[in-house]
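Working notes, structure below.
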Amino acid sequence: TTGGNDLPNDQSLFEIASISKIFLGSLVAKAVQKNDISLDDDIRDYLPGDYPNLEYEGTPVRIKDLLTHTLGFETPPGIGGVYKNIFSGNYDPETMAYNMDDLFQELAVVELQHAPGTYYDYSNVGPEIAAYILEQVYGRSYREQLQDLLKELGMENTYLQDFEMHQDHLVMGYDEEGDPASIDENPLLGGASGMITTLPDLAEFMKYQLE
């Protein structure tokens, strides 16, 4: 607690927010190494629809564009509003009702302002689409695939969401004013954010990345 004497220990769980994206990237990299996908694949090959709008002058959005924040279009307003509410601590049922089907509806009407791969614009949407693609490739949920990776690395104290189950060890964060910060929940698949972990587990993941 702020101003208190509670020191973190090896069992303390921290929200890692967008570091969750690196886990998504690792799973995509494994899929590429196994030749199950290519970074140059048109994402429309895996989406539930045609999406003729997801290209710019003949250049489609590719899997690598999802990972490098170069989609070519801005965050759709619906999911953008959801993120804004979540970041402000608003988790009412209407806010959290947004799901991947809602995202696909928005993707059907987005307009690309730039050729994919050419303009950097940080996005939480790309990793969520990439997580969905992994689900289509392997016929398993993103959560299950992530758990396989965590087991492989011996990360036994790392979780996707599941905040309520780990309240006793979850560290309270604080905002710029020193007030308790809200938990960064994610209504989608978890490719962009939503993981919690301990420092020893995170050290194992750093070792894995370096190797």
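The values are calculated or read from the model by the stated rules, or taken from the named source; none is laboratory data. This structure is a prediction, so every number in the text was calculated from the model and none was measured. Please note: Cβ atoms are built from the backbone with ideal geometry, for glycine as well, and neighbour counts cover all protein chains shown. Accessible surface is based on the protein model in full, side chains and every heavy atom, while ligands, DNA and RNA are left aside. Shrake-Rupley method; radii C 1.70, N 1.55, O 1.52, S 1.80 Å.
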Checking residue 49 against (1) within 18 Å of the chain's Cα centre (by Cα); (2) more than 30 Å from residue 174 (Cβ to Cβ); (3) at pLDDT below 95, which test does it fail?
-> (1)
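The rows are residues; the columns are (1) among the small types (Gly, Ala, Ser); (2) assigned to a helix (DSSP H, G or I).
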residue: 8; (1), (2): no, no
residue: 20; (1), (2): yes, yes
residue: 24; (1), (2): no, yes
residue: 28; (1), (2): no, yes
residue: 31; (1), (2): yes, yes
residue: 36; (1), (2): no, no
residue: 44; (1), (2): no, yes
residue: 47; (1), (2): no, no
Do you know which residues across the range 182-211 are free of Cβ contacts under 8 Å to residues at least 60 places away in the same chain and either part of a strand (DSSP E or B) or open to solvent by 20 Å² or more (accessible area, probe 1.4 Å) (or both)?
-> 203, 204, 206, 207, 210, 211
Out of the range 135-184, which residues are at positive phi and small (Gly, Ala, Ser)?
-> 139, 154, 178
So, first residue under 14 Å from residue 107 (Cβ atoms) and touching a residue at least 60 places away in the same chain (Cβ under 8 Å) in the range 29-53, second residue open to solvent by less than 50 Å² (accessible area, probe 1.4 Å) and small (Gly, Ala, Ser), Cβ within less than 9 Å, six or more apart or across chains; the pairs are 43/130
Given (1) open to solvent by less than 40 Å² (accessible area, probe 1.4 Å); (2) closer than 29 Å to residue 76 by Cα, index of the condition residue 166 fails = (2)
